[in-house]
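Reading through the structure tokens given below for one structure.
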Amino acid sequence: MGAGALKVLVIGKGGREHALCWKLKQSPRVSAVYCAPGNAGTALDVQNVVIDQSDIRGLTQFARREGIGLTVVGPEEPLVKGIVDAFQREGLRIFGPRREAAELEGSKVFAKELMRQAGIPTADCRIFVSAPDAEHYALSREVSLTVRSRGRSSVRNTLHCRTAGEALEAIDRIMDPREMQAPGVQVEIDERGRRRTFASAAEARDFVLGRPVGLVLKADGLAAGKGVFVCNNLRQALDAIDQIMIRRVFGQAGDRIIIEERLDGQETSVLAITDGRTIVPLESCQDHKRAFDHDEGPNTGGMGAFSPNPIITPALMEQVEREILVPAVHALKRARRPFRGVLYAGLMLTNQGPKVLEFNVRFGDPETQAILMRMRSDLLDVLEAAVDERLDRVAIQWDHRPAVTVVMAAEGYPGHYERERPIQNLEAADRMPDVKVFHAGTTLRVEPGPGRESRVVTDGGRVLNVTALGDTLEDARARAYEAAAAIKFPGAWYRRDIAGRPPRAGH
Ligand code: AMP
Ligand code: GLY
């Protein structure tokens with residue numbers, strides 16, 4: 001193919017996709033970059049195509065009609081739905097795993113079973129297909145409680161309970177309304193010498209369900225990042241089972257549920273590109289998942305990122321490659337689900353070494369924004385090598401300077417937020433040296449009136465990903481914050497501690 005002759009299509013509409021478009025456009029071999037459906041940033045930097053990211057047929061038709069030479073998929077949903085299979089059936093080149101390999105993210109049960117077979121370190125877990133079984137298991141957690149009756153109860157015994165379920169049964173026996181208890185019967189619960197008395201079964205049950213346990217409940221399928229419940233007590237665990245399996249808030253994604261041990265340690269991730277035979281790790285990075293400073297508040301899609309990440313030492317990277325990435329790629333190959341694309345391992349660094357929390361089968365968002373800012377090599381070369389199974393001949397060149405991405409969010413995010421807020425000063429921020437403002441939740445609105453000029457307005461919770469390079473991490477951070485401070489839209493806010501301190505232990 002001659003110079004500058006290749007057309008590229010990027011699928012998705014977030015900051016990750018804007019960064020992919022921006023980087024691919026720099027390739028001397030690329031003649032045009034399209035983004036479907038894209039956002040205001042991709043509309044300004046490349047060309048948007050009005051096709052939804054889940055419209056696989058529409059995307060295939062567009063790629064064929066336009067003669068797209070390479071398609072790159074941002075989000076997991078089209079991958080799990082089989083967009084790569086559909087493109088390949090048409091003879092179209094596309095970067096990403098096929099449906100069967102994308103199950104690694106599409107089904108947490110599949111991922112767990114694969115990890116078990118391949119001996120990949122991860123939290124111990126049980127899998128359930130029915131709510132009563134899941135509840136029974138949650139209630140079989142060890143507690144050390146002694147339940148006694150107080151007052152003139154017909155149940156006289158002292159009941160030593162090893163599990164929460166046994167304690168609840170004991171309470172029911174003592175307070176059973178059919179036993180015609182004399183007035184004033186109470187339950188006493190002794191927890192390691194500390195005694196409490198309860199006048200009603202409801203209060204006593206509530207106490208038992210409030211005992212601390214470290215359980216994580218996960219809906220099997222895709223749930224837009226909301227299907228994981230990290231529970232501190234049994235009440236939360238039972239509530240998660242109720243939401244996933246009874247109220248079915250994630251639909252079919254909740255047909256199966258995983259209950260696993262809560263892991264303690266520092267949370268991080270490792271991303272690698274693979275063609276199914278060779279694994280090329282990307283530069284280390286760290287995202288910040290919690291909404292507010294000091295890692296407080298609810299989980300979000302990510303409030304910022306930085307690269308490199310000093311906690312991922314070369315030795316740790318090597319260990320992750322050896323114990324996690326290589327066995328995962330090998331196991332998928334053996335299962336006849338060869339994996340090609342980005343393998344993203346979400347990790348907990350525990351006392352016993354790194355353990356996998358989850359696998360993703362795509363670029364991380366917002367990690368990609370920071371990582372691509374540092375990539376010196378032509379991204380097209382790397383992605384094409386992965387598609388053509390010749391990654392063994394690729395060495396990615398990196399800028400040694402660190403990069404920091406600060407996510408500017410809409411007022412109210414991650415709860416309810418308004419859209420259509422005009423954004424000011426984007427160009428000024430973008431013009432700062434070594435700064436790039438990637439758009440996430442933005443769109444272009446055409447002004448009424450004769451000029452019909454368009455302006456950028458907010459169109460999502462995470463609005464902009466302000467990314468900067470610097471000689472040191474502190475320098476990159478200062479530049480990113482300086483650029484963020486210059487950009488204005490009503491209600492804009494961002495975390496002030498991105499890349500400030502290593503995030504607190506994940507829990
Ligand atoms: P996942 O989508 O599986 O990564 O889960 C989302 C978040 O839940 C992770 O980023 C962790 O913060 C947390 N999490 C998941 N599994 C565990 C676990 N076994 N122990 C502690 N935290 C977990
Ligand atoms: N930053 C987390 C993710 O992309 O899943």
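Rule-based calculations on the coordinates, nothing more; no lab input. The structure displayed is predicted, hence computed values, not measured ones. Counting neighbours? That spans all protein chains shown, and the Cβs are built from the backbone with ideal geometry, glycine included.
Here are the numbers:
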{"item": "Selected from V84, G151, V109, residue furthest toward positive end of dipole (region 1-157; charges at beta carbon)", "result": "G151"}
{"item": "Residues whose placed amide H lies under 5 Å from that of T163, excluding near-sequence neighbours", "result": "V143"}
{"item": "Scattering profile of the chain at q = 0.05, 0.07, 0.08, 0.12 Å⁻¹ [log10 I(q)/I(0), Debye over alpha-carbon scatterers]", "result": "-0.24, -0.44, -0.56, -1.09"}
{"item": "5 angstrom amide H check on G304, placed H, neighbours 5+ away", "result": "H288, V407"}
{"item": "Between region 294-322 and region 49-98, the alpha-carbon center distance in angstrom", "result": "30 Å"}
{"item": "Förster radius 22 Å - calculated FRET efficiency between D85 and R277 (Cβ-Cβ, nearest 0.05)", "result": "0.65"}
{"item": "Residues with amide H under 5 Å from that of R496, placed H, sequence gap 5 or more", "result": "D293"}
{"item": "Coil-residue GluC sites (Glu not before Pro) of region 51-111, DSSP, other Cβ within 10 Å capped at 13", "result": "E90"}
{"item": "Debye, to nearest 20: dipole size of region 327-418, +1 on Lys, Arg Cβ, -1 on Asp, Glu Cβ", "result": "600 debye"}
{"item": "Per-peptide average of other Cβ atoms within 10 Å, ordering 475-484, 23-32 highest first", "result": "475-484, 23-32"}
{"item": "Relative contact order (percent, whole number), region 203-317, Cα cutoff 8 Å, 6+ residue spacing", "result": "18 percent"}
{"item": "Extension gain from R393 to E142, taking 0.36 nm per residue of separation minus the Cα-Cα distance", "result": "85.1 nm"}
{"item": "Stretchable slack from R496 to H416, in nm (0.36 nm times residue separation minus alpha-carbon distance)", "result": "26.7 nm"}
{"item": "Net dipole in debye of the chain [+1 Lys, Arg Cβ; -1 Asp, Glu Cβ; about Cα centre; nearest 20]", "result": "540 debye"}
{"item": "Long pairs among K108/K355; K226/K436; K112/K355; K226/K289, criterion Cα-Cα beyond 18 Å", "result": "K226/K436"}
{"item": "At R0 = 30 Å, FRET efficiency that the Cβ-Cβ distance of D133 and E296 yields, to 0.05", "result": "0.30"}
{"item": "Sorted peptide list for 237-249, 279-291, criterion being average Cβ within 10 angstrom, highest first", "result": "279-291, 237-249"}
{"item": "Most positive-pole-ward Cα, P281, F306, A291, against dipole of region 259-308 from beta carbon charges", "result": "P281"}
{"item": "Pairwise centroid distance, computed over Cα atoms, of region 179-245 with region 431-448, Å", "result": "47 Å"}
{"item": "Net charge dipole size for region 388-458 [Lys, Arg +1 and Asp, Glu -1 on Cβ; Debye, nearest 20]", "result": "120 debye"}
{"item": "FRET efficiency, T313 to R93 (Cβ-Cβ, R0 30 Å, nearest 0.05)", "result": "0.25"}
{"item": "Backbone HN-Hα couplings from phi across region 377-383 [Karplus 6.51/-1.76/1.60, Hz, Gly and Pro as x]", "result": "5, 6, 4, 4, 4, 5, 5"}
{"item": "Protection proxy ranking of 444-452, 427-435 - average other beta-carbon atoms within 10 Å, highest first", "result": "427-435, 444-452"}
{"item": "Computed [θ] at 222 nm, helices only, for the chain once each DSSP H run of length n ≥ 4 contributes -39500 (n - 2.57)", "result": "-8500 deg cm²/dmol"}
{"item": "Cα-Cα P(r), region 286-348, percent of pairs per 5 Å interval", "result": "4, 14, 17, 19, 15, 15, 10, 4, 1"}
